[in-house]
Amino acid sequence: MAKAKKEEKSHKELRKEYTYNKLKGLGQEIIEEIEKNKVPNLKVPSRGTGNIVYDDAKRYYVLGDRYGRRSLGNVKQIRKLGQMVYVANFCKDLVAREKTATIREMYYVSEGWGISFKNQQESNIVGEDLEVTLGTTREDLGLMPEEDGASVYGDLTLFDEVEVNASKMGKSGYTISPTIDQVDFLDCNVDKVLAVETMGMFHRLVQENAHKRFNCLIVGLKGQAARATRRFIKRVNTELDLPVYICNDGDPWGFHIAQVIISGSAKLAHVNHDLATPDAKFIGVTASDIINYDLPTDKLKDVDVLRLKELSKDPRYKGDFWQTEIKKMLKIGKKAEQQSFSKYGLEYVVDTYFPAKFEEMENQA
């Protein structure tokens, strides 16, 4: 049984306090430079590809030590720096009032600032610049994505404005909040997490009571996992000490979805410490599964082959397991979906496949 550690302040309160102080400090830094008759400037870490490095020890992408400066003394940077200050002030107000805004709403709000953005892509980039400058996350700043969260089902009790249990909220379970860092884990009576790529597989596992049979939380990723989903997985792994297992479609895109959860993405190198779960294990569908279970398949397309070759050169896939499975998939020229196990009946994946996978993981431990 995993129990959340008790603290004097809640997880939500600690994150809010840290973020508010960072935002306040940014403003104070600018004011102090003006009072000293200096030209205000901000140090902004570079997010260019040349400054994104795969850290072998941490097992995820991180930012290097390159950075640039945005200065009011540079005519070309005045607008960009002004936008950052406006966004920071907007976020400071959100954090202080415990409110949130979608990144789309912020874009429209900026129309009244007098220093508006050309388009939402520009406003998104400035939001990311603020993220990396302060060393915090977009969600902590009160900025939310538009997409719905993934679902989790199982015996996990959380406090999300009210106390809820993820196994008592209907068959769709608890929808992971974009503000997942404002949610406290109260109690957890499972010993692992099973994350699956498709909601079809999620609902199959719930119907077959996989959460009880494997004493696990079931997470439906809804394809490429949103940031909130990755943060949830990271938190239950580190705070509740729950091992994480990922099962996706047996193709290069399923491999990638899993690896983003495990080792993070290059684009989000500045927040991978909050999102990546390096100890998570991929348990299928593999090329070996396609052969061993004689699964229904589709032929690899040219784009699939190209993507597999790209993955084979990616530092996140340098381990023997990934190299073996990538080469084997290229050799057989086939891919398979999670639902392909239905060839043997709807219950097969729970009755046979996952028990075999978990036994295999235990033998490797």
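Which of the residues that make up region 279-310 are assigned to a helix (DSSP H, G or I) and crowded, with 19+ Cβ neighbours inside 10 Å?
Answer for region 279-310, where residues must be assigned to a helix (DSSP H, G or I) and crowded, with 19+ Cβ neighbours inside 10 Å: A287, D289, I290, D304, L308.
When both residues are 6+ apart or on different chains and their Cβ atoms are under 6 Å apart, which pairs have a first residue that lies in region 94-107 and is in the same structural domain as V126 (by TED's automatic domain parsing), and a second that is among the aromatic types (F, W, Y) and modelled with pLDDT of 90 or more?
Every condition considered, the pairs that remain are V95/Y20.
Given the criterion loosely packed, with under 13 Cβ neighbours inside 10 Å, in a loop (DSSP other than H, G, I, E, B) and either in contact (Cβ under 8 Å) with a residue 12 or more places away in the chain or not β-branched (V, I, T) (or both), identify the matching residue among K9, K76.
The unique qualifying residue is K9.
Which one is surrounded by the most Cβ atoms within 10 Å (Cβ to Cβ) among residues in region 338-355 that are in a loop (DSSP other than H, G, I, E, B) and of a type outside the set (A, V, I, L, M)?
E347
Report the residue count in region 170-191 for those that are part of a strand (DSSP E or B), touching a residue at least 60 places away in the same chain (Cβ under 8 Å) and surrounded by fewer than 21 Cβ atoms within 10 Å (Cβ to Cβ).
4
Here are L205, L221, L217: which of them is crowded, with 22+ Cβ neighbours inside 10 Å and either under 13 Å from the mean Cα position of the chain (by Cα) or modelled with pLDDT under 95 (or both)?
Exactly one of L205, L221, L217 is crowded, with 22+ Cβ neighbours inside 10 Å and either under 13 Å from the mean Cα position of the chain (by Cα) or modelled with pLDDT under 95 (or both), namely L221.
The values are calculated or read from the model by the stated rules, or taken from the named source; none is laboratory data. Please read all numbers here as calculations on a predicted model, not as lab measurements. Note: ideal-geometry Cβ built from the backbone for every residue, glycine included; neighbour counts use all protein chains shown.
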